[in-house]
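K.L.:
Pasting a structure below so you can have a look.
Every number in this text was worked out from the coordinates using simple rules, so none of it is lab data. Keep in mind it's a predicted model, so treat the numbers as computed, not measured. We place every Cβ from the backbone using ideal geometry, glycine too, and count neighbours over all the protein chains shown.
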Ligand SMILES: C[S@@+](CC[C@H](N)C(=O)[O-])C[C@H]1O[C@@H](n2cnc3c(N)ncnc32)[C@H](O)[C@@H]1O
């Protein structure tokens with residue numbers, strides 16, 4: 001997975017406002033760029049024929065998934081609350097020779113707004129936040145924006161090693177929580193399970209966390 005640091009860990013000077021928090025998170029030079037798309041997304045999407053179909057990446061961060069999707073032939077809309085994240089994404093897309101028209105970078109607060117249109121693929125990878133985020137409502141709006149035959153992929157954290165959140169460990173939604181909140185009658189469940197993801201602990205030793213994925217296909 002590419003770097004998204006530790007947004008659930010706070011400090012005394014953490015901005016309370018969602019946009020300010022994420023602009024600060026991605027502020028100048030703060031996030032190292034690995035350029036790697038999320039491995040679980042790659043696994044889920046690799047079998048789908050892109051061929052110019054439309055994909056929407058919700059909370060795209062600095063854009064490694066959006067760039068990878070564009071390289072697979074998707075026409076991508078990449079949205080994030082933080083302009084600082086989009087600036088990085090655009091730069092890396094240029095460096096990777098992704099044509100400017102292949103990714104539409106949009107700054108959007110998904111808690112109050114949602115891009116207009118329908119998509120053949122909508123992904124929400126680690127759309128978690130320690131500040132305000134209307135995640136359930138966003139995922140329901142995402143489901144409503146999936147075109148017939150299209151895919152909705154929700155990837156999230158599930159079980160973290162203790163050292164990651166020593167003070168106040170967040171409770172992440174399970175696959176059942178995600179399925180229940182979406183309540184999508186008639187959709188095919190392509191995947192609803194957990195996956196081990198390799199990490200490095202603070203002493204530099206190999207470690208692992210458990211993430212989960214819900215991959216649904218609209219009839
Ligand atoms: C944990 S990061 C994950 C980033 C990226 N998807 C990844 O997998 O690395 C959560 C992302 O959601 C974005 N985000 C948080 N609240 C948002 C909101 N209300 N609207 C849009 N994006 C938001 C953040 O700016 C951040 O890029």
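K.L.:
Relative contact order (percent) for the range 18-217, with alpha-carbon contacts under 8 angstrom and 6 or more residues of separation?
P.N.:
Result for the range 18-217 is 18 percent.
K.L.:
Please work out the FRET efficiency for the pair residue 107 and residue 199, using the Cβ-Cβ distance as r and a Förster radius of 25 Å; give the result to the nearest 0.05.
P.N.:
With a Förster radius of 25 Å, E is 0.25.
K.L.:
With all pairs of different alpha carbon atoms counted, what Kirkwood hydrodynamic radius in Å does the range 84-197 show?
P.N.:
For the range 84-197, inverting the mean 1/r across all distinct Cα pairs yields 16.4 Å.
K.L.:
Next question, about the same structure. Working out 0.36 nm times the residue gap between residue 189 and residue 39, then minus their Cα-Cα distance, what length gain in nm do you get to one decimal?
P.N.:
Between residue 189 and residue 39, full extension yields an extra 52.1 nm.
K.L.:
Just the number, please: Stokes-Einstein D of the chain in µm²/s, Kirkwood Rh from C-alpha pairs, 4 °C, 1.567 mPa s.
P.N.:
Estimated via Stokes-Einstein, D reaches 73 µm²/s.
K.L.:
Looking at the chain only, what percent of DSSP beta bridges run antiparallel? Nearest 5 please.
P.N.:
The answer is about 50 percent antiparallel.
K.L.:
Then there is this: Under a GNM of the chain (C-alpha, springs under 10 Å), which listed residue has the highest mean-square fluctuation: 179, 86, 56?
P.N.:
Among 179, 86, 56, the largest GNM mean-square fluctuation belongs to 179.
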